[in-house]
């Protein structure tokens, strides 16, 4: 029987940051903390596997919900699984589809699962813990995620309590339905924005027993300070001998503060989505390459980056490509952002190992102070309402599956 995901701690910061390795059942070993790019449809948009291999990416995330609709999990299975279908050597992780389903406005939730219509073609669909496990086992990723209920920001206490219990029942069903021995299965802790519910969920999920643990229900409009507070409530209740995955978080300041609290794994669309609109993350802060000031700039996008884009092209050239609508602009920018996020996490890991994490943390705060500002979510005023006044999810603010997610 293949061994489940095995986490080994290699170094730790006194305040909680940690560096380790995660060994997966098929033999892959990844170094943590690390960031996973999102290939929703089974690909990093605009980037080929050849260039992906140069970015330092360790694990790639793909989407159960979308791949089950197009092309269908049976086709992926026939191709030999997700890795062979995508022609990548990297390990892969599939989310359960829970976030995407619960971001839809028109759905029918029951104890059995969720009925909805696929947003692309209106196809009537039912997703349950058993169905999610069936799809993910056919997709064959190295890590599968349980099917849970993702609470919207603004859910009231009464609904959140019921949701925590339903999530626990669904995760038990997920584990019972998951029989693929060469695929690790991670549980997900929910609980909204209440310390006792986070603790309750953590205890219940760990009692079921999984190969790793994820923290869900964040990056839904709560803002950086609330995210940190929820992590402060949650992390002390997670066992230290398993990998910890914060779902949907990807701004640099959020990453370093997650690591400071003991998180090992992250995923987000931020580096790829922002790249396609001309925003690059660099060691001098963000660059918006569509700005007119870069029209004659002959410096590399990031003078300290070793990626293909920065060692080959100028800011002026990328500015030109964006200006004329050339798809190569998105490709080159995405290559850079993926490399930046990989090296960003690599250097963070090194700082934990050599004892300089707090200096690295301060550098990130100085570099990206704007990350402290909450990102707006439609219909939600950042910072409100407080937990005691949260609205009922029956009229929850619709969330789009844009990752930041969960």
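The values are calculated or read from the model by the stated rules, or taken from the named source; none is laboratory data. Because the structure is predicted, anything quoted here is derived from the model rather than measured. Cβ: placed from backbone, ideal geometry, glycine included. Neighbour counts: every protein chain shown.
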Quiz item: What do you reckon, is residue 99 at pLDDT below 95 and within 23 Å of residue 180 (Cβ to Cβ)?
Solution: yes
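One line per residue, one yes/no per condition, for (1) assigned to a loop (DSSP other than H, G, I, E, B); (2) within 17 Å of the chain's Cα centre (by Cα):
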{"site": "258", "(1), (2)": "no, yes"}
{"site": "293", "(1), (2)": "no, no"}
{"site": "299", "(1), (2)": "yes, no"}
{"site": "305", "(1), (2)": "yes, no"}
{"site": "322", "(1), (2)": "no, no"}
{"site": "329", "(1), (2)": "no, no"}
{"site": "337", "(1), (2)": "no, yes"}
{"site": "352", "(1), (2)": "no, no"}
Quiz prompt | Matching entry among 187, 191 (being assigned to a strand (DSSP E or B), at pLDDT 95 or above, assigned by TED's automatic domain parsing to the domain that holds residue 247 and surrounded by 24 or more Cβ atoms within 10 Å (Cβ to Cβ)) | solution = 187
Self-check item: Candidates 18, 31, 45, filtered to the one that is in contact with a helix residue (DSSP H, G or I) (Cβ under 9 Å, 6 or more places away or on another chain), more than 27 Å from residue 275 (Cα to Cα) and outside the structural domain of residue 329 (by TED's automatic domain parsing)
Solution: 18
Quiz item: Of the residues 251, 288, 293, which single one is touching a strand residue (DSSP E or B) at 6+ places or on another chain (Cβ under 9 Å), free of Cβ contacts under 8 Å to residues at least 12 places away in the same chain and over 22 Å from residue 96 (Cβ atoms)?
Solution: 288
Quiz item: What is the number of the single condition among (1) touching a strand residue (DSSP E or B) at 6+ places or on another chain (Cβ under 7 Å); (2) buried (at least 21 other Cβ atoms within 10 Å of the Cβ); (3) at pLDDT 90 or above that residue 115 does not meet?
Solution: (2)
Quiz item: Out of all the residues in segment 1-19, which are assigned to a loop (DSSP other than H, G, I, E, B) and within 23 Å of the chain's Cα centre (by Cα)?
Solution: 4, 5, 16, 17
Self-check item: Any hit, segment 157-179, residues being assigned by TED's automatic domain parsing to the domain that holds residue 65, outside any helix (DSSP H, G or I) and within 25 Å of residue 60 (Cβ to Cβ)
Solution: yes
